[in-house]
Structures are given as structure tokens and as C-alpha cells.
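**Q** Have a look at the structure that comes next, please.
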Amino acid sequence: MSDKPQGVGLTTRQGHPVFDNQNTRSVGSRGPLVLEDYQFLEKMSHFDRERIPERVVHARGAAAHGIFVPTGKAGDDPITKYTRAKVFTPGTQTPIFLRFSTVIHGGHSPETLRDPRGFAIKFYTETGNWDLVGNNLKVFFIRDAMKFPDMVHAFKPDPVHNRQQMNRFFDFVSCTPEATHMITHLFSPWGIPATYREMQGSGVNTYKLVDAEGKTVLCKFHFQPRMGVRNLTAEQASEIQAKDFNHATGDLYDAIARGEFPEWDFFIQVMSDDEHPELDWDPLDVTKLWPEEQFPFLHVGHIQLNRNPVDYHNEVEQVAFGTGVLVDGIDFSDDKMLQGRTFAYSDTQRYRVGPNYLQLPINAPKCPFATNQRGGQMSYHVDGAEQGANKHVNYEPSNFHGLVEQPRLGPPPRIQVSGEVGRQKIERTNDFKQAGERWRQFSDFERDDLVKNLVGALSECAPVIREKMVCYFMQADREYGRRVAEGLGISMPERQAAE
Ligand code: HEM
């Protein structure tokens with residue numbers, strides 16, 4: 001029998017074989033250590049740098065690889081009449097990477113907390129990457145990107161003692177009436193999805209689809225889990241949290257490892273590309289749903305997750321999604337939130353991952369790509385080298401076989417803008433109507449749970465906050481406001497209570 005150890009031989013990152021990985025180099029067996037122990041210094045200094053800054057929001061996440069398969073046969077599918085995006089061509093399959101997350105707390109926080117859940121997909125399409133950076137809930141707290149840093153500060157732990165406080169959370173919300181619709185979702189059981197496999201996804205923002213002639217429609221994207229939706233009450237969540245605060249990550253990883261591949265049906269909603277003065281809300285306002293009866297869900301395909309990441313850090317931590325990452329056939333709408341978001345993502349990723357974050361395999365397109373971008377920290381790839389580009393010419397135009405502009409994939413969408421520049425609110429705010437509709441659509445159990453959760457959270461808040469919030473719920477639906485007021489022991493003016 002050979003005494004040669006079994007397994008792959010350990011080396012340093014410089015390729016030197018390691019024959020002792022247990023003992024530092026020292027003078028005699030009791031030390032001191034010697035400074036020329038390069039092997040130890042390399043091992044320890046790499047360890048010291050193992051972490052990168054965590055995401056400023058959505059730090060806690062889990063992800064998996066999979067595929068997107070569009071619906072239908074050529075000429076008989078619901079979406080290719082609206083968009084020329086190749087990713088929707090019937091008969092194709094596109095690799096995807098989907099990251100789920102919670103929003104507010106840090107990288108190791110419990111996955112049972114009341115919080116929206118992220119639902120971010122990278123489609124590695126044949127015409128470049130498309131990122132759809134969505135959430136499970138279909139609406140959002142605010143409608144202008146200017147308010148995002150304040151909102152996140154109020155929701156995150158207190159900057160002095162580092163604990164999240166409902167008084168700070170609702171302080172901001174009580175000054176932000178447009179959040180009423182989102183709060184109505186979030187404090188119902190829909191605020192704690194049971195697992196990532198059993199929750200919906202939505203692009204939330206409004207995009208445009210561009211057809212072969214350059215004509216556009218407004219569009220929203222949605223995903224429905226084939227397993228069905230399941231949510232938790234606060235009590236059910238606490239019970240899980242007491243035993244396991246990684247339950248959603250575990251559920252996703254273990255299911256895929258067992259070969260139970262989660263799937264979601266993919267739908268779009270469309271409306272003509274104009275301001276829709278007939279609606280009493282603005283179609284570009286992310287605090288609003290597009291009612292399904294008016295704007296039906298069109299089935300355009302499904303996604304399946306079928307492969308776990310090999311390395312959490314390399315894939316799940318360093319993956320970088322952005323709302324600016326669109327393909328030909330999908331475009332921005334004038335949705336102000338969408339445009340504000342688009343700056344934030346690549347900006348934070350240059351800081352969080354580094355200026356060459358797009359060279360990492362998880363972020364790089366899987367179709368050929370060739371740029372004149374060179375250098376920067378950790379650069380190693382010469383874009384275009386595989387396609388035989390002249391490596392000396394890292395500029396354009398040139399007479400010497402440098403990279404050249406490509407033909408358009410179709411006519412550009414026609415965009416005309418006019419108006420006065422200024423800091424302005426949208427006109428049709430209508431902050432409460434859809435919150436009231438949501439309340440009335442909930443089952444009795446969901447309404448009871450919502451009231452209980454709101455009363456619990458608002459009991460921790462100052463009287464001025466409670467009163468303002470009751471006033472918002474009242475404007476959404478009198479019964480809704482009355483029940484929260486009752487729970488908080490706030491007496492309603494007689495006239496209001498009678499109505
Ligand atoms: C992550 C900004 C609104 C969904 C992030 C990150 C930033 C950010 C800076 C961290 C990105 C990273 O480190 O890679 C903003 C701003 C917003 C906004 C400025 C509003 C103006 C929204 C909305 C949604 C959303 C409305 C849902 C539709 C997500 C998701 C992630 C994320 C899912 C995590 C992506 C991942 O898994 O890596 N956001 N966000 N955000 N945001 Fe937003």
C-alpha cells in the first residue's frame with residue numbers, strides 16, 4: 001500500500017507545493033516566528049481580505065442558476081408582436097441567474113423578518129445581458145428616487161444604538177402618504193413569504209417594449225410560482241426563526257440539490273405608450289398596481305432554477321444586477337424611479353466589487369463581447385482578443401482593424417420629450433384608493449393579521465405618528481382606519497366613526 005495521501009495536492013496561489021499546512025516557521029519549536037514565512041503571510045493576508053463590502057440594501061441573499069423558456073410557437077406567441085428582444089423568440093432557451101434577498105438587515109440576518117424580498121434575474125441572452133431587478137411585492141414605498149436614501153436610513157437600524165425601531169420606520173412612513181399601499185401589503189401576511197420558492201416576483205417599475213418597427217408599448221413583468229404562494233404569520237415566522245434563521249436559503253439549496261427544480265410562470269402586462277389621462281393614477285407611478293381586469297396578464301414563458309452555485313462568494317455575493325442592463329427590444333420608460341435606480345446600481349458595484357466587476361464570470365455576458373475598455377484594478381481580460389481583434393488598437397475609429405460599430409438590430413424607438421425642467425411631483429398621486437381596494441380584496445384572516453401587525457408596530461410609535469397613520473388608513477377604507485384606531489385606543493371624531 002502506498003502512503004501517498006489521497007486527494008488534490010495543495011499549493012500556494014503561486015503554484016508552490018505545500019508540504020506543511022499546520023505549522024508556522026519559527027525559531028525552535030517554541031518561537032518566535034520568522035518574517036520570511038511567505039507561505040503563512042500569503043495565507044493570512046488573503047484571509048484578512050476575504051470579505052467585500054456588503055450590499056447597502058438586499059445584503060442577505062441566496063441564488064441559483066437556471067433557464068428561461070419563452071412560450072409559444074413562432075408567429076403564435078403573445079409577446080413577439082410587442083418586442084423584437086431575441087430572448088422571447090419561441091424555441092430558444094436562455095441561461096439565467098436568480099438572486100433572492102431580504103432588504104434591510106445585514107448579510108447574516110434572519111430570513112423570517114417582515115421585509116420585501118428581492119427577486120433579481122440576470123438573463124444571459126444572445127444579444128447581451130438583461131437584468132430584471134425586481135421584488136416579490138408589486139408596488140413600492142416611494143415614487144421618486146430622491147427619497148430612497150432617507151427611506152433606507154429610517155428603515156435600517158438606528159445610527160446610535162444599531163437597533164431597528166418602528167418609531168423611526170413609521171416616522172418616515174407617516175410623512176410619506178404614497179407608502180400606504182405598500183404598507184398595507186407589507187404588514188399583512190404577504191410581508192413574510194414562507195420560502196423563496198413560494199413567492200411571486202415582479203419588475204415593479206414600468207418598462208417599454210420595442211417592436212421590429214421601433215413602436216413601443218408600456219410593460220410590467222411578473223412571475224408566479226408554480227408551487228403556489230405561501231406566507232407566514234408573525235407567530236409562524238418566530239417559531240421558525242427560533243430554530244433556523246437560514247430557512248429560506250436552506251429550502252432553496254436543498255430542493256435544487258434533491259432535483260426538485262422550482263419554476264415560475266412569466267407574465268407581462270402591457271398598455272399603450274401614452275399618459276393615459278383616463279386613469280385616476282399615473283401608469284409610471286411605482287406605488288400603483290395595474291389592475292389585472294383592465295390590463296390582463298399575458299403568459300410569455302417560464303423560468304426554472306436547476307443548478308446551485310459552486311461558490312457563494314464568487315457567484316451570489318459578487319453578482320451585480322442593474323436596471324440599466326437592458327437588451328435591444330426592451331427600453332426605459334419615463335418612470336422617474338427607474339431612472340434614479342439606474343445610476344445607483346453600477347455606481348455601488350464599482351465600489352462594492354471593483355471597477356472590473358463585469359469581467360467576473362458571473363457578471364460577464366455569455367455572448368461574444370469586445371470593448372476598448374482596458375486597465376483598472378484586477379483587470380485580466382482583453383475584450384475582443386478571442387475574436388481576433390487587433391490588441392494594439394484600443395480606440396475607435398481606426399484604419400488598422402480595431403473594433404468597429406455594428407449595424408442596428410432595428411429602428412430606435414421614437415422618443416419625444418418636452419416640458420419645463422424643475423423638481424416636480426407627478427399630478428395624479430391618488431395615494432389611498434388602491435390601498436383601500438387591497439384591504440377589501442384581502443380575506444378575513446389577512447385583514448385580521450394586518451390590523452394586528454400594524455397595531456403591534458404602531459404601539460411602539462409616538463402619538464403623532466399613530467394619528468397620521470390612522471388618518472391614511474381611514475382615507476384608504478373607513479373600516480380599515482377604524483379597526484387600527486380601535487386597536488390603538490384612538491377615539492375617532494364622532495362624525496367619522498359614524499360614516
Ligand atoms: C439592490 C438602490 C429601488 C430591488 C440595490 C442596491 C442599491 C439599490 C444601491 C445594491 C446593489 C448592489 O450592491 O449590487 C436602489 C435605489 C432605488 C431602489 C436607489 C430607488 C430609487 C428598488 C426597487 C426594487 C429594488 C423599486 C424592486 C423593484 C432591488 C433588488 C436588489 C437591490 C432585488 C438586490 C439585487 C441583488 O440581488 O444583488 N438597490 N434600489 N430596488 N434593489 Fe434596489
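Quick note: the coordinates plus some simple rules give every number you see, no bench work behind them. If you're wondering where the values come from, they're calculated on a predicted model, not measured in any experiment. Note that we place each Cβ from the backbone using ideal geometry, even for glycine, and neighbour counts take in every protein chain shown.
**Q** Looking at (1) touching a helix residue (DSSP H, G or I) at 6+ places or on another chain (Cβ under 6 Å); (2) within 19 Å of THR125 (Cα to Cα); (3) surrounded by fewer than 17 Cβ atoms within 10 Å (Cβ to Cβ), find the lone condition where PRO361 falls short.
**A** Every condition holds for PRO361 apart from (1).
**Q** If you don't mind, there's one more thing I want to ask. Tally time: how many residues in region 27-75 are among the acidic types (Asp, Glu), part of a loop (DSSP other than H, G, I, E, B) and more than 16 Å from the ligand (Cβ to nearest atom)?
**A** Residues that pass the stated criteria total 3.
**Q** Name the residues in region 258-277 that are more than 19 Å from the chain's Cα centre (by Cα) and either under 21 Å from PHE100 (Cβ atoms) or among the polar types (S, T, N, Q) (or both), would you?
**A** If the condition is that a residue be more than 19 Å from the chain's Cα centre (by Cα) and either under 21 Å from PHE100 (Cβ atoms) or among the polar types (S, T, N, Q) (or both), then ARG258, GLY259, GLU260, PHE261, GLN269, SER272 are the ones that fit.
**Q** Kindly indicate which of LYS336, LYS366 is more than 20 Å from SER101 (Cβ to Cβ) and more than 14 Å from the ligand (Cβ to nearest atom).
**A** LYS366
**Q** Would you check if there is a residue in region 102-120 being surrounded by fewer than 20 Cβ atoms within 10 Å (Cβ to Cβ) and within 11 Å of the ligand (Cβ to nearest atom)?
**A** yes
**Q** Let me ask something additional. Give me the residue from region 299-314 that is in contact (Cβ under 8 Å) with a residue 40 or more places away in the chain and more than 21 Å from MET199 (Cβ to Cβ) and, out of that set, surrounded by the fewest Cβ atoms within 10 Å (Cβ to Cβ).
**A** HIS313
**Q** Looking at THR94, THR125 in this structure, which one is touching a residue at least 40 places away in the same chain (Cβ under 8 Å) and β-branched (Val, Ile, Thr)?
**A** THR125
**Q** Given the structure, is TYR357 within 12 Å of the ligand (Cβ to nearest atom), of a type in the set (Ser, Thr, Tyr) and farther than 24 Å from GLY410 by Cα?
**A** When the stated conditions are applied, TYR357 passes them.
**Q** So the check is Cβ under 8 Å with 6+ separation or different chains; which pairs have a first residue in region 366-380 that's closer than 20 Å to TRP130 by Cβ and a second one that's aromatic (Phe, Trp, Tyr)?
**A** Final answer for the pair search is LYS366/TYR124; CYS367/TYR124.
**Q** Looking only at residues that are within 15 Å of the ligand (Cβ to nearest atom), within 16 Å of MET271 (Cβ to Cβ) and in a loop (DSSP other than H, G, I, E, B) in region 182-240, which one is farthest from the chain's Cα centre (by Cα)?
**A** Out of the qualifying residues, it is THR206.
**Q** In this structure, is ARG143 buried (at least 17 other Cβ atoms within 10 Å of the Cβ), closer than 29 Å to PHE432 by Cβ, more than 13 Å from the ligand (Cβ to nearest atom) and charged (D, E, K, R)?
**A** Considered against the rule, which asks whether it is buried (at least 17 other Cβ atoms within 10 Å of the Cβ), closer than 29 Å to PHE432 by Cβ, more than 13 Å from the ligand (Cβ to nearest atom) and charged (D, E, K, R), ARG143 comes out as no.
**Q** Name, by its number, the condition in (1) away from the ligand (no atom under 16 Å from the Cβ); (2) over 30 Å from ALA234 (Cα atoms); (3) touching a Leu at 6+ places or on another chain (Cβ under 7 Å) that does not hold for VAL87.
**A** Unmet condition: (3).
**Q** Among the candidates PHE148, PHE170, which residue alone is surrounded by 19 or more Cβ atoms within 10 Å (Cβ to Cβ) and of a type in the set (A, V, I, L, M, F, W, C)?
**A** Unique residue meeting the criteria: PHE170.
**Q** So which residues in region 312-329 are within 16 Å of the ligand (Cβ to nearest atom) and either in a loop (DSSP other than H, G, I, E, B) or touching a Leu at 6+ places or on another chain (Cβ under 7 Å) (or both), if there are any at all?
**A** Once the filter is applied, which keeps residues that are within 16 Å of the ligand (Cβ to nearest atom) and either in a loop (DSSP other than H, G, I, E, B) or touching a Leu at 6+ places or on another chain (Cβ under 7 Å) (or both), region 312-329 yields GLN318, VAL319, ALA320, PHE321, GLY322, THR323, GLY324, VAL325, LEU326.
**Q** Checking the conditions here, which among ILE426, ILE415 is more than 26 Å from PRO177 (Cα to Cα) and of a type outside the set (Phe, Trp, Tyr)?
**A** Step by step, each of ILE426, ILE415 is checked, and only ILE415 is more than 26 Å from PRO177 (Cα to Cα) and of a type outside the set (Phe, Trp, Tyr).
Every residue, every condition in (1) farther than 27 Å from ASP273 by Cβ; (2) of a type in the set (Lys, Arg); (3) assigned to a loop (DSSP other than H, G, I, E, B), yes or no:
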{"site": "HIS381", "(1), (2), (3)": "yes, no, yes"}
{"site": "ASN394", "(1), (2), (3)": "yes, no, yes"}
{"site": "GLY402", "(1), (2), (3)": "yes, no, yes"}
{"site": "GLY410", "(1), (2), (3)": "no, no, yes"}
{"site": "PRO413", "(1), (2), (3)": "no, no, yes"}
{"site": "VAL421", "(1), (2), (3)": "no, no, yes"}
{"site": "LYS425", "(1), (2), (3)": "no, yes, yes"}
{"site": "GLN434", "(1), (2), (3)": "no, no, no"}
